[in-house]
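Single-structure report; data block below.
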Number of protein chains: 2
Amino acid sequence: MHADDVAIQMSTVTESTPAREAVRVLAAQDLPGLIVVDKRGRPSTVLAGTQVLRMALPTYCQDDPTLARVIDEAAADVIFDGIGERTVADLLPRNRPDLPAVSADATLLEVAAVMARSNVPLVAVVDKDRVMTGAITLDGLLDRMLGT
Amino acid sequence: MHADDVAIQMSTVTESTPAREAVRVLAAQDLPGLIVVDKRGRPSTVLAGTQVLRMALPTYCQDDPTLARVIDEAAADVIFDGIGERTVADLLPRNRPDLPAVSADATLLEVAAVMARSNVPLVAVVDKDRVMTGAITLDGLLDRMLGT
């Protein structure tokens with residue numbers, strides 16, 4: 001069994017995607033993060049959901065979450081207001097995590113080794129031009145490896 | 001809407017749970033990590049799936065994942081052999097990530113603020129004795145907040 005047998009299709013974003021749209025894409029997928037690709041569809045990094053929250057929520061809430069209780073506004077409004085007109089590029093942390101990539105013929109063990117080196121439970125599958133053809137989640141990988 | 005409206009039940013492990021069993025629990029749940037609780041059921045930390053792979057796979061594979069291709073053994077066997085007789089405590093990284101916790105009556109925005117502060121897309125819901133009653137995933141939180 002190889003990488004392309006385990007890979008799933010997932011929506012991606014580019015650095016110029018409005019961050020509001022990225023949040024909706026993230027919420028619509030049951031995935032640990034959003035894969036950011038360049039104009040040619042080559043994966044560059046991953047935007048973690050927790051990072052999105054960090055950028056969207058007022059600092060005083062994060063410093064003292066109990067203060068969030070007094071905000072008399074729908075949570076979604078607070079988040080979308082906090083994001084404003086920013087793009088995905090604006091939301092990425094200064095030290096962007098590398099998104100590991102494998103070729104379609106990588107073995108499952110190779111995928112596991114690549115994932116082990118990163119802290120990201122996502123690996124992109126790329127073709128010979130490094131264009132993304134799919135993605136493998138830790139969960140999907142374990143399911144296949146352990147037959148659960 | 002409050003934390004207990006969004007919380008789900010998830011299997012937990014303790015530090016003395018055999019790591020092999022923990023891997024099976026992790027694989028059986030579609031979740032970003034395993035919550036580790038103490039004997040009284042109070043959450044202490046979270047074991048990330050990538051950390052499990054890091055502890056289980058031979059070092060030479062992680063240093064050069066292409067070497068994993070030459071291993072002529074089922075991926076599951078390599079992982080379970082690599083884990084051996086270790087326990088969850090043996091798999092946890094030296095700097096254990098704090099698992100954030102909220103009370104059942106926390107607002108969604110409060111949960112989001114707590115999650116934003118950590119890098120972990122999981123928050124435990126605890127009762128007044130700090131015993132875990134459920135958990136909230138980033139995905140579940142976004143679904144409820146944004147109505148997706």
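The values are calculated or read from the model by the stated rules, or taken from the named source; none is laboratory data. Predicted, not measured: the structure shown is a model, and the values here were computed from it. Cβ atoms come from the backbone with ideal geometry, glycine included; neighbour counts cover every protein chain shown. We work out accessible area using only protein heavy atoms, side chains counted, and drop any ligands, DNA or RNA first. Shrake-Rupley method; radii C 1.70, N 1.55, O 1.52, S 1.80 Å.
Secondary-structure-derived ellipticity at 222 nm for chain B, considering helices only, amounts to -10500 deg cm²/dmol, per-run term -39500 (n - 2.57) for DSSP H runs with n ≥ 4.
Listed by chain and number, the lysines placed with their C-alpha closer than 27 angstrom to that of A:Lys39 are A:Lys128; residues fewer than eight positions away on the same chain are left out.
Amide H contacts for B:Ala106 (H built 1.01 Å from N in the peptide plane; partners 5 or more residues away or on another chain; cut-off under 5 Å): B:Ala3, B:Asp4. Between copies, A:Gln9 shows label-point distances of 3.6 nm, shortest first, with the point placed 7 angstrom from Cα along Cα to C-beta.
The HN-Hα couplings worked out from phi for segment A:113-123 by the Karplus form 6.51 cos²θ - 1.76 cosθ + 1.60 (θ = phi - 60°) are 5, 5, 5, 4, 6, 9, 9, 9, x, 9, 10 Hz, whole numbers, x standing for Gly and Pro. Taking each residue as 0.36 nm, the span from B:Arg20 to B:Asp4 lengthens on full extension beyond its C-alpha to C-alpha distance by 2.7 nm. Modelled spin-label separation between B:Asp64 and A:Leu67, with each label point placed 7 Å from Cα along the Cα-to-Cβ direction: 5.2 nm. Close amide-amide hydrogen proximity is noted between A:Val125 and A:Val102, A:Thr133, A:Gly134, A:Ala135, A:Ile136, each under 5 Å apart and 5 or more residues distant or on a separate chain (H modeled in the peptide plane; Pro and chain starts excluded). Of all chain A C-beta atoms, the nearest to the rotation axis linking A with B is recorded, alongside its rounded Å distance, as A:Pro32, 3. Taken over the C-alpha atoms, segment A:54-141 has Rg and Dmax values of 18.3, 53 angstrom.
Taking every DSSP bridge with both residues inside the protein assembly as shown, close to 75 percent are antiparallel. Taking amide H as placed 1.01 Å from N in the peptide plane, A:Arg42 has its amide H under 5 Å from the amide H of A:Met132, each at least 5 places away in sequence or on another chain.
In units of the compact-protein estimate 2.2 N^0.38 Å, chain B shows a Cα radius of gyration of 1.15.
Binning all Cα-Cα separations of segment A:24-101 at 10 Å, short to long from zero, yields these whole-percent fractions: 16, 46, 29, 8, 1.
The packing ranking of peptides A:45-51, B:117-123, B:34-40, highest mean first, is A:45-51, B:117-123, B:34-40, where packing means the average number of other beta carbon atoms within 10 angstrom of each residue.
In the assembled protein chains, B:Thr14 presents an accessible area of approximately 40 Å² (probe radius 1.4 Å). Remark: label point of B:Arg20 defined 7 Å out from Cα along the Cα-Cβ vector; separations to the same position in other copies 5.4 nm, ascending. Within chain A, what's the longest stretch lacking GluC sites (Glu not before Pro) that sit in DSSP loops with no more than 13 other Cβ atoms inside 10 Å? Longest run free of exposed loop sites: A:1-72. Scaling against 2.2 N^0.38 Å puts the C-alpha radius of gyration of the protein assembly as shown at 1.00.
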